[in-house]
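The values are calculated or read from the model by the stated rules, or taken from the named source; none is laboratory data. All figures in this text were calculated on a predicted structure; none of them were measured in a lab. Virtual Cβ from ideal backbone geometry, glycine too; neighbours counted across all protein chains shown.
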Amino acid sequence: MEKVILFGASELGKKAFNELNGKYDIKYFCDNDNKKVGTNICGVEIISPNEMKNLNFQYKVIISSSYYNEIAKQLNRLNILNYDYYLYSTPMLNVIKYIQERNMNIGSFEVLEVFGGKGEYHTLDYCNKIKSLDVWEFNEQLEDDLRKNLPKANVKITDSFKEISSINKKYDMIVIDNSPGVYGGHCEHFDLLPQVYNVIKDEAILILDVVPKRTKESDGYKSVQCFNKEHNIFRKIFYNTSNPEKISMEYIKKVYEKISELNNYFVEWSFSVKRTFIHYLVLKVKRIL
């Protein structure tokens, strides 16, 4: 039976214990509240994160707290990567689940995250499940946070749009978490194509942010302005449409199927997962021999 530590000694932790005890050998609870450390919950000792770090680590950590994102960052900084979540899901976790259900062994994947940011959002959902991770980020002011949150990643501060054309490495999966508008003279991820096909293996997964239509949420987006005149012109050209503010996901998929074929790949399967007004588009591509 797999040995487990539940991170989160709260009511949610009790619920996790009652559900998971018997399925797992629950050795400890862990909690950041020093007042709880050294006490027991459900008859199980509560230890601190530092005590957990000092264990001869042979445990899986299940996050049983509503502070899932903060704890995931904390575990990465402690170099504890064997973790999962209790009663929690995100769009990216669903993406990974659906990929695994298609018999893809992501544990062997060499992955590139093209726009890393601080490394504190969706990258935490998959970074502990893959073989290796390269992360690019343009803003050098984010480098310290990025390295702290993803200590196992190979971080490079660079212009991703230039870097994509200068490397020889090939990846199993590329994640493009692009801005949904125009920024730095670039629109969404459009200028990364077709170069991205030069840095993937003969079979690969592409995960891109796409925006099917204009919504109240996109109008209220503060980081960049979406669906202004400039953005719509880019979208009209790229998607070859007269209505850039409303494009069906089926049409969007066909556009990427055509782009893939023009670059000697075909789309073996695809799906999309809604995030906000932004959707993940997931493409499994295979080189045409």
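Brief remarks follow.
- Which numbered condition residue 202 fails, given (1) more than 21 Å from residue 95 (Cβ to Cβ); (2) of a type outside the set (Gly, Ala, Ser); (3) out of contact with any strand residue (DSSP E or B) (no Cβ under 6 Å at 6 or more places or on another chain); (4) surrounded by fewer than 19 Cβ atoms within 10 Å (Cβ to Cβ): (3)
- Top-ranked residue of region 58-87 - restricted to ones that are touching a Leu at 6+ places or on another chain (Cβ under 8 Å) and in a loop (DSSP other than H, G, I, E, B), ranked as nearest to residue 129 (Cα to Cα): 81
- Unmet requirement for residue 127, which otherwise passes all of (1) over 20 Å from residue 282 (Cα atoms); (2) in a helix (DSSP H, G or I): (1)
- In region 233-270, the qualifying residues are those that are hydroxyl-bearing (Ser, Thr, Tyr) and in a loop (DSSP other than H, G, I, E, B), and the one that is surrounded by the most Cβ atoms within 10 Å (Cβ to Cβ) is 241.
- Test: residue in region 249-268 that is polar (S, T, N, Q), assigned by TED's automatic domain parsing to the domain that holds residue 180 and more than 19 Å from residue 178 (Cβ to Cβ): yes
- Any chance residue 179 is touching a helix residue (DSSP H, G or I) at 6+ places or on another chain (Cβ under 7 Å), in contact (Cβ under 8 Å) with a residue 24 or more places away in the chain and small (Gly, Ala, Ser): no
- Exactly one residue out of 211, 273 is modelled with pLDDT of 95 or more, surrounded by 17 or more Cβ atoms within 10 Å (Cβ to Cβ) and touching a strand residue (DSSP E or B) at 6+ places or on another chain (Cβ under 6 Å), and it is 273.
- For region 212-237, the set of residues classified as under 24 Å from residue 93 (Cβ atoms) and touching a Cys at 6+ places or on another chain (Cβ under 7 Å) consists of 218 only.
- The listed residue being in contact with a helix residue (DSSP H, G or I) (Cβ under 9 Å, 6 or more places away or on another chain) and of a type outside the set (A, V, I, L, M), out of 198, 228, 240, 232: 240
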